[in-house]
Amino acid sequence: MFEVTKQFRFEAAHTLRRAIEVEASLRIHGHSYRAEVSVRGDADPVTGMVVDLGLLERALQDARDALDHRFLDDVPDLGPATLENLSLWIWRRVLPVCAGLSRVTVYRDGTGDTCSYFGPREAGS
């Protein structure tokens with residue numbers, strides 16, 4: 001089995017309701033983000049690829065365009081702009097073209113924060 005990973009970066013602003021640092025979090029503020037999308041599977045015997053990187057690139061560009069230099073509070077279907085929700089939102093955006101999607105990780109390198117989403121839990125787990 002192989003894992004193919006591609007990254008993209010985006011800059012965005014948001015507000016956030018939280019229990020600590022309430023005043024600062026409620027003010028509009030921004031971050032630099034890095035997203036990493038991984039696809040796992042066996043290489044196709046004809047193409048030799050786990051995923052066509054051109055199709056993956058298109059899906060990531062679509063996600064990036066919807067997030068980059070945006071006010072995340074206004075992004076449809078995102079919810080509160082947490083790392084968790086960003087990871088899930090990107091997953092849902094990329095999944096239709098990447099059947100072997102295995103992980104979406106969003107990094108906020110400036111603060112050292114990271115969140116990974118591995119897909120929905122299977123029944124019974």
(message) Can you tell me which of (1) under 16 Å from Val4 (Cβ atoms); (2) open to solvent by less than 40 Å² (accessible area, probe 1.4 Å); (3) touching a Phe, Trp or Tyr at 6+ places or on another chain (Cβ under 6 Å) is the one Arg103 doesn't meet?
(response) (2)
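Listed here are the residues, each with its yes/no results for (1) more than 20 Å from Arg27 (Cβ to Cβ); (2) of a type in the set (D, E, K, R); (3) out of contact with any Leu (no Cβ under 6 Å at 6 or more places or on another chain).
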{"site": "Val75", "(1), (2), (3)": "no, no, yes"}
{"site": "Thr105", "(1), (2), (3)": "yes, no, yes"}
{"site": "Gly112", "(1), (2), (3)": "yes, no, yes"}
{"site": "Cys115", "(1), (2), (3)": "yes, no, no"}
(message) When the residues of region 26-48 are narrowed to those that are farther than 12 Å from Cys98 by Cα and surrounded by 14 or more Cβ atoms within 10 Å (Cβ to Cβ), which ends up modelled with the lowest pLDDT?
(response) His31
(message) Looking only at residues that are assigned to a helix (DSSP H, G or I) and polar (S, T, N, Q) in region 63-104, which one is farthest from Arg9 (Cα to Cα)?
(response) Asn85
(message) Six or more apart or on different chains, Cβ atoms under 9 Å: show the pairs whose first residue is in region 55-82 and of a type in the set (A, V, I, L, M) and whose second is exposed (fewer than 13 other Cβ atoms within 10 Å of the Cβ).
(response) Ala59/Pro96; Leu60/Gln7; Ala66/Pro76; Leu67/Glu11
(request) Output the number of the condition that Val46 fails; it satisfies all remaining conditions of (1) under 21 Å from Ala12 (Cβ atoms); (2) assigned to a loop (DSSP other than H, G, I, E, B); (3) of a type outside the set (Phe, Trp, Tyr). (result) (1)
(message) I need a count of the residues in region 79-98 that are buried (at least 19 other Cβ atoms within 10 Å of the Cβ) and more than 17 Å from Arg34 (Cβ to Cβ).
(response) 1
(message) Step by step: first the residues of region 106-116, then only those that are without any contact (Cβ under 8 Å) to a residue 60 or more places away in the chain and open to solvent by 40 Å² or more (accessible area, probe 1.4 Å), then the one that is nearest to Ser38 (Cα to Cα). Which residue is that?
(response) Ser116
(message) Can you confirm whether Leu60 is of a type outside the set (Val, Ile, Thr), crowded, with 18+ Cβ neighbours inside 10 Å and in a helix (DSSP H, G or I)?
(response) yes
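The values are calculated or read from the model by the stated rules, or taken from the named source; none is laboratory data. On a predicted model such as this, the values are computed, not experimentally measured, just so you know. Cβ coordinates were reconstructed from backbone atoms using ideal geometry, including for glycine residues, and neighbour counts include every protein chain displayed. When the accessible area is computed, the model is the full protein with side chains, heavy atoms only, and any ligands, DNA or RNA have been set aside. Shrake-Rupley method; radii C 1.70, N 1.55, O 1.52, S 1.80 Å.
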